[in-house]
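Structure first, then comments.
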Amino acid sequence: QVQLVESGGGLVQAGGSLRLSCAASERTFHSYAMGWFRQAPGKEREFVATISRSGGSTYYADSVKGRFTISRDNTKNTMYLQMNSLKPEDTAVYYCAAAKGFPSTTSRGYDYWGQGTQVTVSS
């Protein structure tokens with residue numbers, strides 16, 4: 001079973017940047033497609049970005065396209081989310097997830113989840 005641990009969250013002013021990391025316990029990290037999701041208070045969990053096993057293919061939610069960049073380093077068993085030009089509406093708990101199958105934009109496509117890291121963007 002893959003264990004995922006997110007880090008890098010915090011409080012930032014609007015327009016600022018943060019980089020989230022997701023460290024995986026498995027040496028087979030390279031065999032999983034990965035994704036980022038977020039959940040704001042009172043809202044459902046929503047898709048943010050996904051990346052293929054090799055890192056060669058990525059896909060983003062429209063709300064973050066052009067501002068966020070997903071990447072991975074399979075030699076370090078780690079995935080990243082670089083978040084620039086942050087907005088107050090980006091405030092949420094951010095979760096990373098691993099999929100045995102192909103990259104997916106839905107929660108049901110993922111098999112393992114981290115505990116989440118809080119991102120708060122002040123106006």
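Taking GluC sites (Glu not before Pro) across the range 44-117, the ones in a DSSP loop with at most 10 further Cβ atoms lying within 10 angstrom of their Cβ are Glu44.
The magnitude of the dipole of the range 53-123, with charges of +1 and -1 set on the Cβ of Lys/Arg and Asp/Glu and taken from the Cα centre, is near 200 debye. For the chain, lysine pairs with C-alpha atoms less than 21 angstrom apart, excluding pairs fewer than eight positions apart on the same chain, total 4.
Simple rule: put +1 on each Lys or Arg Cβ and -1 on each Asp or Glu Cβ in the chain, find the dipole, and look at Gly9, His30, Ile70; the Cα lying farthest toward the positive end is His30. Surface exposure of the range 1-45, expressed per residue as accessible area with a 1.4 Å probe, stands at 57 Å². Per-residue Karplus couplings for the range 106-123, computed as 6.51 cos²θ - 1.76 cosθ + 1.60 with θ equal to phi - 60°, are listed in order as 10, 4, 5, x, 10, 9, 9, 9, x, 8, x, 9, 7, 10, 10, 10, 8, 8 Hz, Gly and Pro entered as x.
Computed from the Cβ-Cβ distance with R0 of 30 Å, the FRET efficiency linking Lys87 to Ser54 stands at 0.45.
Using the alpha-carbon positions of the chain, Rg (one decimal) and Dmax (whole number) come out as 13.2, 41 Å. Considering only alpha-carbon pairs that sit under 8 angstrom and 6 or more positions apart, the relative contact order computed for the chain is 36 percent. Using Cβ point charges alone (K and R +1, D and E -1), the dipole size of the range 4-69 about the Cα centre works out to roughly 100 debye.
Could you work out what % of the accessible surface of the chain is carbon and sulfur, using a 1.4 angstrom probe and leaving DNA, RNA and ligands out of the count?
On the chain, the fraction of accessible area on carbon and sulfur atoms equals 46 percent.
The largest accessible area among Thr75, Thr91, Thr50, Thr106 belongs to the first residue in Thr75, Thr106, Thr91, Thr50, and the rest follow in falling order (1.4 Å probe, all chains). With both labels modelled 7 Å from their Cα along Cα-to-Cβ, the Arg27 to Gln1 distance reads 2.1 nm.
Think of each Lys and Arg Cβ as +1 and each Asp and Glu Cβ as -1; about the Cα centre, that makes the dipole of the range 1-110 roughly 200 debye.
Residues of the range 67-111 with an amide N closer than 18 Å to a point placed 7 Å from the Cα of Ser123 along the Cα-to-Cβ direction: 85-92.
The values are calculated or read from the model by the stated rules, or taken from the named source; none is laboratory data. Note that the structure is predicted; figures quoted are calculated from it, not measured. Cβ: placed from backbone, ideal geometry, glycine included. Neighbour counts: every protein chain shown. Calculation scope for accessible area: heavy atoms of the full protein, side chains included, ligands and nucleic acids excluded. Shrake-Rupley method; radii C 1.70, N 1.55, O 1.52, S 1.80 Å.
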